[in-house]
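None of the figures in this text is laboratory data; all of them are computed from the coordinates on show. In this text the structure is predicted, and so the values were computed from the model without any measurement. Here the Cβ positions follow ideal geometry from the backbone for every residue, glycine too, while neighbour counts run over all protein chains shown.
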Amino acid sequence: MHILLGVGGSDLSYEALEQTVSRAAETGDEVTVAIFDNEEVDTDAEAVRERVEATLADHDLEAEIRLIEGDSPGSELVDIAESEDFDRIVLGGGERSPLGKIQLGSVVEFVLLNAQTPVTLVR
């Protein structure tokens with residue numbers, strides 16, 4: 001399976017990173033990590049890249065790492081997934097409000113609503 005993993009620096013995106021890399025190390029899935037700027041998290045792309053590289057090294061897994069730049073990372077993730085025939089998009093996100101409703105960030109919401117590729121949401 002060819003997986004596009006979006007990592008934006010949130011705790012949930014790091015959880016998605018850990019779960020996806022762990023699974024890929026066991027199953028032999030091919031992973032491409034797309035790092036994007038998440039407005040909702042105060043971090044920089046270099047810090048995110050370092051964490052991604054460390055996680056990959058911990059699991060002895062090689063993966064392509066890309067930096068998505070621009071104002072619409074959700075749109076870029078969807079475009080990459082569809083133009084390069086990825087089997088799945090994996091993102092971390094979706095917290096519950098005090099009333100129990102799921103709240104999605106803007107990137108996750110865009111991908112869920114617009115992707116033709118199956119999306120796995122790690123919460």
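Given Cα pairs under 8 Å that are at least 6 residues apart, what percent is the relative contact order of the chain? Intermediate results must be reported in sequence, preceding the final value.
Numbers: 217 pairs, mean separation 38.9, N = 123.
Computed value for the chain: 32 percent relative contact order.
Please get the size of the charge dipole for region 37-83, origin at its Cα centre, with Cβ charges of +1 on Lys and Arg and -1 on Asp and Glu, quoted in debye to the nearest 20. Please report the intermediate quantities before stating the final value.
Values: 3 positive and 17 negative charges, 30 e Å.
Charge dipole, region 37-83, about its Cα centre: 140 debye, nearest 20.
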**OP:** Could you pull out every whole DSSP H run in the chain that spans at least 30 Å of Cα extent along its own axis and averages 1.0 or higher on the Kyte-Doolittle scale?
**Re:** none
**OP:** Choose one of SER97, SER72, VAL108: the residue whose Cα lies farthest towards the positive end of the charge dipole of region 65-112 (beta-carbon charges +1 Lys, Arg; -1 Asp, Glu; about the Cα centre).
**Re:** SER97
Original post:
Fewest to most neighbouring Cβ within 10 Å: what's the order for PHE110, PHE86?
Top reply: PHE110, PHE86
**OP:** Find which of ALA63, LEU17, ALA45 sits farthest along the positive direction of the dipole of region 2-122, computed with +1 on the beta-carbon of Lys and Arg, -1 on that of Asp and Glu, about the Cα centre.
**Re:** LEU17
Original post:
About its Cα centre, how strong a charge dipole does region 2-122 have in debye, to the nearest 20, once Lys and Arg get +1 and Asp and Glu get -1 at the Cβ?
Top reply: 540 debye
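Taking the Cα centre of region 10-74 as origin and charging only Cβ (+1 Lys, Arg; -1 Asp, Glu), how large is the dipole, in debye to the nearest 20?
Working: 4 positive and 20 negative charges, 40 e Å.
Dipole size: approximately 200 debye.
Could you line up GLU39, GLU62, GLU82 from fewest to most neighbouring Cβ atoms inside 10 Å?
Numbers: GLU39 12, GLU62 8, GLU82 15.
The most exposed by this proxy come first: GLU62, GLU39, GLU82.
Among LEU104, LEU99, LEU5, rank each residue by its count of other Cβ atoms within 10 Å, from fewest to most, as a rough exposure measure. Could the numbers behind the result be given before it?
On the way: LEU104 17, LEU99 5, LEU5 28.
The order, fewest Cβ neighbours first, is LEU99, LEU104, LEU5.
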